[in-house]
Amino acid sequence: MLEALFYIFAAMIIGSAAVTAFTKNILYAAFALLFTFFGVAAIYVLLSADFLAISQIMIYIGGILVLIIFGVMLTTNVSIVDIKEGFTGKTSFIIAGIFSAITCIFFIYLAFKMPFINHAPKDVKLPNDSTIKPLGKLLMTNYLLAFEVASVVLLIAIIGAAMIARRHDD
Amino acid sequence: MQNFLGLGPLTWITFLPLLGMIIIFLIPSGKDEKGKETSKQLFRWVTIGFTFLQLIIAIGIYLNYTAGMTGINVEGGFQFREHYNWFTVTGLPMFGNVKVDYFVGIDGISAPMILLTAIVCFVASFASFSIKKQIKGYFAMYLLLDLGMMGVFISLDFFLFYVFWELMLLPMYFLIGIWGGPRKEYAAIKFFIYTLVGSVFMLLVIIGLYFGVHSFNMLDMMDPLKYDPTSIFAPGHGWWRNVAFFALFVGFAIKVPSVPFHTWLPDAHVEAPTPISVILAGVLLKMGTYGMLRINWPMFPDSVKYFQCFIAWVGTVSILYGALCALGQFKVGKRDFKKLIAYSSVSHMGYVVLGMSSMNSSGMSGAIFQMFNHGTITSMLFIIVGVIYDRAHTRGLDDFGGLANKMPIYTGIMAIAFFAAIGLPGMSGFVSEMMIFLGAFMAYPILTVISGLGIILGAAYMLWALQKVFFGKLPDRWSGPWDPTHKIYKTDDINAVELAALIPLAILIIGLGIYPAPMFNMMNATVNHLVEFVRIGGGF
Amino acid sequence: MTQENLLMIPEISVVILLLPLLGFLFNIFFGKRIGRLSSTIATGIMGICLALASYIAFTKFVYYPDNGMIQLKFDWFTLGPGNAVSVGIGVDNMTAMMLVVVTLISFLVHLFSTEYMRDDKRYSRFFAYLGIFTFSMLGIVIANNFLFMYIFWELVGLSSYLLIGFWYEKDSAANASKKAFITNRVGDLGFFAGIMILFFTYRTFFFDDIFAKILGDSLHGIAPILPFNSGFWLTVAGILIFCGAIGKSAQFPLHIWLPDAMEGPTPVSALIHAATMVAAGVYLTARVFPMFTAHALLFVAYTGAITAFLAATIAITQNDFKKVLAYSTVSQLGYMVMGIGVGAFTNGFFHLVTHAWFKACLFLASGSVIHAMHHAMHHLNDHHTDPQDIRNMGGLRKTMPLTYLTFLFATIAISGVPFTSGFLSKDGILAGTLAFAQLTGNWLIPIAGFGAAGMTAFYMFRLTIEAFHGVPKTKIATQTKENKFVIVFPLVLLAVMSFWFFYSANPIDASKGWFASRMKAPATSVPTAYQFRFLVPEERLKQEEEAQEKLEKANVDENTEKLKKRIHEELEIAYATGQENRDSVEKYKQEFLKNKEEAKARARHPLMAKKSMKDGSGEKEEFLTVFEEKIEEAHLPAMFISVLIAGLGILLSFTVYQFKAMNSDNLANQFGLLYRLSYNKWYIDEIYDASVIWFTLNFSKVLGLFDLKVIDGIVNLTAWVARLAGQATGIFDNVVVDGLVNLIANVTGTLGSIMRKFQTGRVQTYIGLTIVVVILLVYFLA
Amino acid sequence: MGIGLTHYLILSGILFAIGLFAVITRRNAIMVLMGLELILNSANINFIAFSRFGGINLDGQVAAIFVIVLAVTEAAIALAIILNIYQNYKHIRIDEINKLKE
């Protein structure tokens, strides 16, 4: 059952990601991205990472994707309806395709050949309770510094983004 | 003479130009909108001011000079001496500890040279008014040259001597190479390489001597007891000492210049600007003979005796060869006024070499006095050529004639200079030449009489030039208003600045010609000591 | 002579010396501003000098008639203890006489010039130059040492140069001045060499010290100082010093400058090139007379004789008024030198003085004529005729009577007609030559002397007749007028000075006059062995003989001890004076002994006359030598012959030029070769041009080329070789070393340009490449 | 066969390749940004997969949290930059913005 779910969600992720990558219509790409994020969230659930799945949906879909769509709206001349943006060129298309294919094959190769793969447990028992509590503990203990840094980074990023995006004509 | 600010008068007189140089560097060139240098007058007067200060110190040194102190190889015989450690380098491979002193002082040989340098530099700074381009750089170089020359004459440490010696070359090179005539690069490089060859010889001997006495102190090098008996220049190693003497002699002879090392001189003189010619002839040439007296003679008294006849021949050949070449100027190539005087310098410095070869007090005193006199007389001659060059922009003897009517004061001054160069009694040149001849006659009668032909030839070419320039008819191009395009030149008589340069020299020449005793009193003790030192061979 | 009763003679002589210098300085600096006044000042100064000189001469002749020198000596400068260069001034009878001669002639010439140079634009300059000339000439006269003499000798050369070249716009004048200076320098070189020999030996410049040292101890049987223990070097020194006189007194072969020097203004010719400066050589010869050896004297005598004869032959055919006088001057100078050379010292010097008057008179008269001719030419607007050519004159006797009369009288004097000063002095010289010939057998000297005397009479009268007698040959000559008083006055005065009675009451013999008694020949200092026996005073011969006998009689050992002591002293002196390189005592002694033998042998030299057996008879003539007696004997014959010859010359001159009994052109044709030789001055100038001058100039030219091409060529060749080597290494550097570097660079460049392709500037490309590289890294590293 | 680590890794590899392709080929800057999000997601899948199977437990998840944080900041700033670019160039065609080349 879980295997079927994995394959369904994997297909959904790859399909929608491919649409994102290949479609000329930028809005389609954005919507396809929505499905990709959903799929990834589902995969997180399958990996029993409940907190992250929820975060994925909330942050990616509720935050980033909205941001991206806003960006599309702000930067694309909607009124003349030319939101179809092409690729950089045929040559780069082919080269990038080859690159990507090689990368893909390489990762698959790694997935099979990496030494630690063999030491990994085939099936791990899923924890019963939520991961939120231990995660919170970890963040407040072992990863406190990283946590604080991340928060500072976020703050700076917000200020920076506001600064950069500000109109300069005043 | 009191020390001022803890530094002795010799240090002051030597390094004053450095102060002047710094001041000149600090003054902005101040070009106005037309590109004219606005502060050029300031540069000139700063230079004149500093050379004048130098002259005052030199006169002070002269007034406080104690006649009768010996010098040469006696440290107590030097006056105004300052002896500090300059730097010490320890633990060098082969050399061991190298100690270089700032050791300066003057005796009867260097005192007249100090005076001469101060006078010539002061006078030449007036002649520098004719320099029109890159004045800031020029005067900076000029003062640096001044420093180098003074330094050579006061140094008693061989290392210091060499440093000043080389320091002097560089500004000279630029002064000829930048402010010179049409073939300035050729002349400057020729001068530089020629003198550098001499310096190389000197350097080799310095190193050799250093290994002998393990000190750069010149006085130590004159003391046979200070030599390491195993070194090649130790007493007894006659052959090596002769080689060293010869190398040094050649090095200095290039500077003098003696035939056959003289060919840089005509080129350098012809191409150099007037004040530089003045300094070149007035002071630089003396360094060769000064070096011989200061270094060659007392350090290698045994070799001097060995080469005595050879040196006398060098002197004789230089006298006659220089005079004949000067005369030959009337027949060969461009009859250049400056070239004539350059060759006459070769001849006149030949007298000095001849006098020094005599090894007796008359000849030696005469030689030193001749060094001084040649400095003043030739300076005057070159300034005179410069005066006419500024007006006519030519130095060709064929371009002149009949100027006596147009420029009477100039003619009078020129006649003084020319007759002084000929060695007319009543002028200082006569006394020195006479003493040289009297001294040389005691050593080499026949050679002396042969070189006496030089005074006839000297009269011949000098009077010839005098006639060419001043007598006869005025060429057409010399009459009428200033018009360079039609080669008609103005012929206004000498002006105040030029007179300021010439009159002191003329007074000096005539004054010393009538009463030379002050000069001789200054150098007698030293010269007699040197003669005696060389006569006994200095213990080598 | 003590200092207090010298009657201020040294002081006043210094004042005389310096006054003209003062005038010179004043005129050279302020002359232009004060204009005509400068001549007044200069002339006034000369007047004062003349008065002072007269005082000195009077005092000296009256109060100190003996021929001692009153002198001042002082150190000029020192070269250390005991090694001073001393100079000084001195006045003896000869000096006193010369002072008067110089100042008087200078004064008259100044006076003459005030009018003669009136129109010259450099009027004050002329008087300045005259001032410096007088200063230098007086310096020569009162010098008591060789150094001062040489100094003023040269200064005289300078002033002569300035004055000859006074009209330097003319090339001929400029050339002549140069020629004069350089020719004089040639002689001066010899002079200086002689001084060097003397100074080298004696370490002093003073005449009296040198003469005393030459005489040395020969009286006491000790040889003189080296190197004069042989007569050779003494002879050489004498001849070298005489070289100075050859140059300055225009003796053969250096006489060539004097005729050219006539390019200067005529008063200059009178002052310098006739009366005073050229006489300086004679004065010098007289000064150093005591140190001339027999051979040197012979040299001097022959030089004088040749000069006198040669110049006289040339003067015969010259047409330029002043050239004739110039050659006559050369000839007369030859006379004086010859006179001193043969030992007739007094008469030689006497001739100097008398010649100064009448030759100055002749020159000033010629100046007067030329001045008048100039004015006439100016009047006629003629600017081409040569005013000095006697072929343009004639008949001036009528237009310029005073000039004519003075000129005529001076001509008579120079021709040696009795009752003139010229006769007295010339006769004395000729008598001297006769006596000399009798004693030594050199008969050529009197022959030349008498020949020259005859020729002198001939050409001087030729000149007088051509210029003053007959009818005017050109219109200019008719227009001439007598000059103003200031020009004529000196002529008259000088002509009057040429009467005999100024010098001697006896019109035919001056040897008893005051002049001769004051100007006694100084006793020779030369050791007897090297001197004509007849010139050595009896007294000294006697003393020497006694000394010789004593020496021989004395104990040999004692003698040796004495000798050794003496030798030690000598050596000590030698050391003290720096002659440290002298020979050892032993060698010195041996040489001394050897020389004594040689001296004995030399005493039998054929030149030496046999010793006179006559005892000293006269009470005042203590030093009357054989020679002086011989002169007295030869006096009458000489007088007759000279009068006869002069008369013949005058007669011939009148025959040819006055009465035209013989055609001068025909004569010239008949003696074609001789005429051409004479007219062209024996081609001496040409010979010089073709030999010495040609050689010197071409040698200098060759040497100049040698310097330019060979020596400088070698230097440049070295530079060229160095540059070639530099180029070679440069090529190596460029091709090989640089090649390698460039190769690397090229490879890099190529790679770079390939890599450049990847640098698209697009972020995406970079990302792609980064990924590829990361993958590769992971693949290969992990 | 059960779903193991290898599957997840293959999934993330494919997702990464697609994201990379998008990043490299797309002209529109926002599309590039989307590609980046895909890549980050593939990375997160890896982290969590390792957290589940790799024996690193919750540390992987913590890392994923930080990645998400970074993604957020990146998206915010990148969009701000893109807006800025748009203001300057009036377009966001990234291949034409090749100032780096010069």
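Assess whether B:Ser362 counts as being in a helix (DSSP H, G or I) and at pLDDT below 90. So B:Ser362 fits the description; yes.
This table checks each residue for (1) out of contact with any Phe, Trp or Tyr (no Cβ under 8 Å at 6 or more places or on another chain); (2) surrounded by fewer than 18 Cβ atoms within 10 Å (Cβ to Cβ).
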| position | (1), (2) |
| --- | --- |
| C:Leu37 | yes, yes |
| C:Thr40 | yes, yes |
| C:Lys60 | yes, no |
| C:Ile70 | no, no |
| C:Lys73 | no, yes |
| C:Thr78 | no, yes |
| C:Val91 | yes, no |
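Of all the numbered requirements in (1) open to solvent by 10 Å² or more (accessible area, probe 1.4 Å); (2) closer than 23 Å to C:Val288 by Cα, C:Glu154 misses one, and that requirement is (1).
A quick yes/no check of all residues on (1) farther than 17 Å from B:Val46 by Cα; (2) at pLDDT 90 or above:
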site	(1), (2)
B:Leu115	yes, yes
B:Ala118	no, yes
B:Ser130	no, no
B:Asp146	no, yes
B:Leu170	yes, no
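C:Leu703 meets the conditions (1) closer than 30 Å to B:Trp264 by Cβ; (2) open to solvent by 50 Å² or more (accessible area, probe 1.4 Å) in every case but one. The failed one is (2).
Considering only residues of the stretch B:68-118 that are farther than 15 Å from B:Gly8 by Cα and touching a Pro at 6+ places or on another chain (Cβ under 7 Å), which is most open to solvent (accessible area, probe 1.4 Å)? Out of the qualifying residues, it is B:Asn73.
Comparison of B:Ala367, B:Ala326, B:Ala415, B:Ala404 shows that the only residue that is under 18 Å from the mean Cα position of the chain (by Cα) and within 14 Å of chain C (Cβ to nearest Cβ) is B:Ala367.
Within the stretch C:24-75, the residues that satisfy the criterion of being among the small types (Gly, Ala, Ser) and either more than 22 Å from C:Arg287 (Cα to Cα) or touching a residue at least 60 places away in the same chain (Cβ under 8 Å) (or both) are C:Gly31, C:Gly35, C:Ser38, C:Ser39, C:Ala42, C:Gly44, C:Gly47, C:Ala51, C:Gly68. The helices (runs of 4 or more DSSP H) located wholly in the stretch C:684-772 that include 1 or more residues which are of a type in the set (Phe, Trp, Tyr) and within 30 Å of C:Ile306 (Cα to Cα) occupy C:684-688, C:694-705.
Candidates B:Ala140, B:Ala67: the one that is small (Gly, Ala, Ser) and modelled with pLDDT of 85 or more is B:Ala140. If you scan the stretch C:483-497, which residues turn out to be open to solvent by 30 Å² or more (accessible area, probe 1.4 Å) and either part of a helix (DSSP H, G or I) or within 17 Å of C:Thr354 (Cβ to Cβ) (or both)? Residues satisfying the conditions are C:Phe485, C:Val486, C:Phe489, C:Val492, C:Leu493, C:Val496, C:Met497.
Each residue in the stretch A:13-55 was checked for being open to solvent by less than 30 Å² (accessible area, probe 1.4 Å), part of a helix (DSSP H, G or I) and within 30 Å of A:Leu139 (Cα to Cα), and 14 of them qualify.
Scanning the stretch C:149-186 for residues that are touching a residue at least 24 places away in the same chain (Cβ under 8 Å) and either of a type in the set (Phe, Trp, Tyr) or more than 7 Å from every other protein chain (Cβ to nearest Cβ) (or both) yields a total of 23.
Just the residues that are in a loop (DSSP other than H, G, I, E, B) and open to solvent by 10 Å² or more (accessible area, probe 1.4 Å), please, taken from the stretch B:234-272.
Filtering the stretch B:234-272 for residues in a loop (DSSP other than H, G, I, E, B) gives B:234-237, B:256-263, B:272.
Listed by number, the residues that qualify are B:Pro235, B:Gly236, B:His237, B:Val259, B:Pro260, B:Phe261.
All conditions but one from (1) surrounded by 24 or more Cβ atoms within 10 Å (Cβ to Cβ); (2) under 18 Å from A:Thr103 (Cβ atoms) apply to D:Gln61; the one that does not is (2). Within the stretch C:28-42, the presence of a residue that is assigned to a helix (DSSP H, G or I) and under 14 Å from C:Leu138 (Cα atoms) is excluded. At the interface with another protein chain (Cβ under 7 Å from one of its Cβ atoms) and either part of a helix (DSSP H, G or I) or in contact (Cβ under 8 Å) with a residue 40 or more places away in the chain (or both), is that true of D:Leu40? No; evaluated as a whole, the condition is false for this residue. Assess whether D:Phe16 counts as being open to solvent by 30 Å² or more (accessible area, probe 1.4 Å), modelled with pLDDT of 80 or more, part of a helix (DSSP H, G or I) and more than 7 Å from chain A (Cβ to nearest Cβ). It is false that D:Phe16 is open to solvent by 30 Å² or more (accessible area, probe 1.4 Å), modelled with pLDDT of 80 or more, part of a helix (DSSP H, G or I) and more than 7 Å from chain A (Cβ to nearest Cβ).
The set of residues in the stretch B:412-429 being in a helix (DSSP H, G or I) and open to solvent by less than 20 Å² (accessible area, probe 1.4 Å) consists of B:Ile413, B:Met414, B:Ala417, B:Phe418, B:Phe419, B:Ala420, B:Ala421, B:Ile422, B:Ser428, B:Gly429.
Being under 25 Å from B:Ile114 (Cβ atoms), within 11 Å of another protein chain (Cβ to nearest Cβ) and either open to solvent by less than 10 Å² (accessible area, probe 1.4 Å) or in a helix (DSSP H, G or I) (or both) is a description that does not apply to B:Met380.
Considering each of B:Gly412, B:Gly402 in turn, give the residue that is without any contact (Cβ under 8 Å) to a residue 40 or more places away in the chain, closer than 23 Å to C:Ala174 by Cα and either touching a Lys or Arg at 6+ places or on another chain (Cβ under 7 Å) or not polar (S, T, N, Q) (or both).
Working: B:Gly402 fails: without any contact (Cβ under 8 Å) to a residue 40 or more places away in the chain.
Every option except B:Gly412 fails the conditions.
Residues that are out of contact with any strand residue (DSSP E or B) (no Cβ under 6 Å at 6 or more places or on another chain) and more than 7 Å from chain A (Cβ to nearest Cβ) were ranked within the stretch D:20-34; the one that is modelled with the lowest pLDDT is D:Ala29. State whether the residues of the stretch A:69-76 include one that is buried (at least 17 other Cβ atoms within 10 Å of the Cβ), at pLDDT below 85, facing chain D (nearest Cβ under 7 Å) and on the phi > 0 side of the Ramachandran plot. No, the conditions are met nowhere in the stretch A:69-76.
The values are calculated or read from the model by the stated rules, or taken from the named source; none is laboratory data. Quantities reported herein were computed from a predicted structural model and do not represent experimental measurements. All Cβ positions, glycine included, derive from the backbone under ideal geometry; neighbour counts span all protein chains shown. Please note that ligands, DNA and RNA were not included when accessible areas were found on the heavy atoms of the full protein model with its side chains. Shrake-Rupley method; radii C 1.70, N 1.55, O 1.52, S 1.80 Å.
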